[in-house]
Amino acid sequence: NRWGAHGAQARAPASGGKAPGALFTFFQAGARGRVDPLDAMEAMSFVFADRATVPGWLGVDVQSEVIEHLLDVQPDRILLVTDETVDGLHGDYFSPLTHKRSDESPTGDTGTASPKAPPVDKFVLPCGDACKSWANLTALMEWAFKTGATKRSLVVAFGGGALLNVTGLFASMLYRGSKLVYVPTTLLAMHDVTTSLKTSICFDGRKNNIGTFYAPLKILIDVAFCATLPRGELFSGIGELAKNAALLGGKHAKGFCEAMSSDRINSESGGSGDEFTVDDATLSRLLALGIEAKMTVLKEDAYEKTSGMIFEYGHTVSHAIEKAYGDGVVPHGLGVTYGMLSSSYAAHQLGIMSAEDRAEHDKMCWLLLKRWPLPEPGPRSRPCWASPCATRSAGCAARRTTKLPMCCFAAWGTLCRRRRTTCPSFHAPCWKSGWTTWVSSGRPRLSKAGA
């Protein structure tokens, strides 16, 4: 089975061995009997320092197991939040819950159904960043109370990264914190969104400027959803892996480069290299590496204010590109990879990165970007330059200003600690990649050691 970048393929179980890394392992279909339905999914833990430890499970084509995990919570009602695309492709994914409820006999004097079969209410939001609005957050709140949600109700976020963001914010506010389960449906959401406590919406033309930090009750990953991802969404998930490859090097760089290798694509697709497919084993390895990259850092920095700031790499210009083109035109992970090119240019111009290191960095980025060029005609330069100052979401960049914070580093794949930072509103020790620092377009204050 191959999951391609050209549309849906048939679902099939994974066929590889366990993925590398001591923190995370993956289910191999057929490797053991399914005595307990929940055993079909491999367990993992998402540890966010001392803030939260979230249990997670991962498997391939595990619809019944996902449903059993929801029923195991024993909610009085399920509030299912999804988007238009996911509802169109997978609208019947949770239909067994409805059938299970209708098949059960009434119990007790009141004639109510067993708590194992709670009523399911569904709310469908627009796709992409369009769902992350104040109006949609308000609509979710009104819907929750109209349907009779209580503190025992369970919110299920069923979709991609943007959908998980707004639903997480909704759950964090409902009754000052309701039970929440993430069921991601995109590669990006599976390894980059579930590995963060951040929730958010976009307001007043800015990116992610309203939100909370909130932990879900469970994270349930069915990798089979990747079978229906369009080309741009699949590349978006791989784009964030390019960021990890540059930041951490080693097996993260190796895994990314192997996945994007033209020789591998040619041998498996029998073509020129323009085709792109991801087999089961490769996808599992990429997911393992993506989750491990984030959680290795966030287990020390749950709120991404110190060491976790390295994952802002490429995002300053990415948000500008996404806003300048219009929401949904440039997938987020691809925007991040283009933003990485801007960061390497800035680092080279500032004397932080050598020409050789920049060439190696950019060569890796182009392994992906040559397969997804930016649409033409491009946006005008003035609004593209203005966007980062107005829309950036970096934790230290909350004010509108002409200065532009950007994450840069000298040589990829090496980590060190530096206490100094150029951001005036951020003074905590920061775990940086290479000689990563936050630089300003105005007066970059770099230490001699950093330069």
At a probe radius of 1.4 Å, what is the per-residue accessible area of residue 51, in Å² to the nearest 10?
130
Pop the C-beta distance of residue 84 and residue 212 into the FRET formula with R0 = 30 Å and round what comes out to the nearest 0.05.
0.75
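If Lys and Arg each add +1 and Asp and Glu each add -1, what is the summed charge of the other residues whose beta carbon sits under 13 Å from the beta carbon of residue 348?
Spelling it out: positives minus negatives among the neighbours equals -3.
For residue 176 and residue 52 in the same chain, what is the full-extension length gain: residue separation times 0.36 nm, less their Cα-Cα distance, in nm?
Numbers: separation 124, 0.36 × 124 = 44.64 nm, distance 1.67 nm.
The residue 176-residue 52 span can extend by a further 43.0 nm.
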Per residue of segment 325-341, what does 6.51 cos²θ - 1.76 cosθ + 1.60 with θ = phi - 60° give for ³J(HN,Hα)? Whole Hz please, x for Gly and Pro, Karplus curve as stated.
6, x, 3, x, 7, 10, x, 4, x, 6, x, 4, 5, 5, x, 4, 5
A student applying the Cα gyration tensor rule (rounded when a/c is under 1.5; otherwise prolate if a/b is larger than b/c, oblate if not) would label segment 205-244 oblate
With label points set 7 Å from each Cα along the Cα-to-Cβ direction at residue 99 and residue 350, the distance between them in nm comes to 5.7
State which entries of 122/370; 146/305; 151/323; 218/251 exceed 30 angstrom in Cα-Cα distance in the structure shown.
122/370; 146/305; 151/323
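Using a cut-off of 13 Å between beta-carbons, work out the net charge of the residues near residue 221 (Lys and Arg +1, Asp and Glu -1, residue 221 not included).
For residues surrounding residue 221, the net value is -4.
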For segment 156-270, give the percent of accessible area contributed by carbon and sulfur heavy atoms, probe 1.4 Å, rounded to a whole number.
53
On full extension of the chain, what length is gained from residue 231 through residue 139, given 0.36 nm per residue of separation minus the C-alpha to C-alpha distance?
30.0 nm
Measuring from label point to label point, each 7 Å out along Cα→Cβ, what is the residue 122 to residue 73 span in nm?
1.7
With an 8 Å Cα cut-off and a minimum separation of 6 or more residues, compute the relative contact order for segment 282-370 in percent.
20
Cβ neighbours within 10 Å, averaged per peptide: list 179-187, 286-294, 88-96, 339-347 in order, most packed at the top.
179-187, 286-294, 339-347, 88-96
Which part of segment 330-367 falls in the paramagnetic zone of residue 376, meaning amide N under 18 Å from the point 7 Å along Cα-to-beta-carbon?
330
Stretched fully, the stretch from residue 363 through residue 251 gains (0.36 nm per residue minus C-alpha distance, one decimal, in nm) 38.6 nm
Spacing of the two label points (7 Å from each Cα toward its C-beta) at residue 300 and residue 64, in nm
4.4
Please give the solvent-accessible surface of residue 310 in Å², to the nearest 10, using a probe radius of 1.4 Å with every protein chain present.
0
Kindly write out, for segment 162-167 in residue order, the coupling ³J(HN,Hα) from the Karplus curve 6.51 cos²θ - 1.76 cosθ + 1.60 (θ = phi - 60°), rounded to whole Hz, with x marking Gly and Pro.
5, 4, 5, 4, 6, 5
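The values are calculated or read from the model by the stated rules, or taken from the named source; none is laboratory data. Since we're looking at a predicted model, the values are computed, not measured. Glycine gets a Cβ as well: all are built from the backbone with ideal geometry, and neighbour counts include every protein chain shown. Ligands, DNA and RNA are stripped out before the accessible areas are found, and what is left, the full protein with its side chains, is counted by its heavy atoms. Shrake-Rupley method; radii C 1.70, N 1.55, O 1.52, S 1.80 Å.
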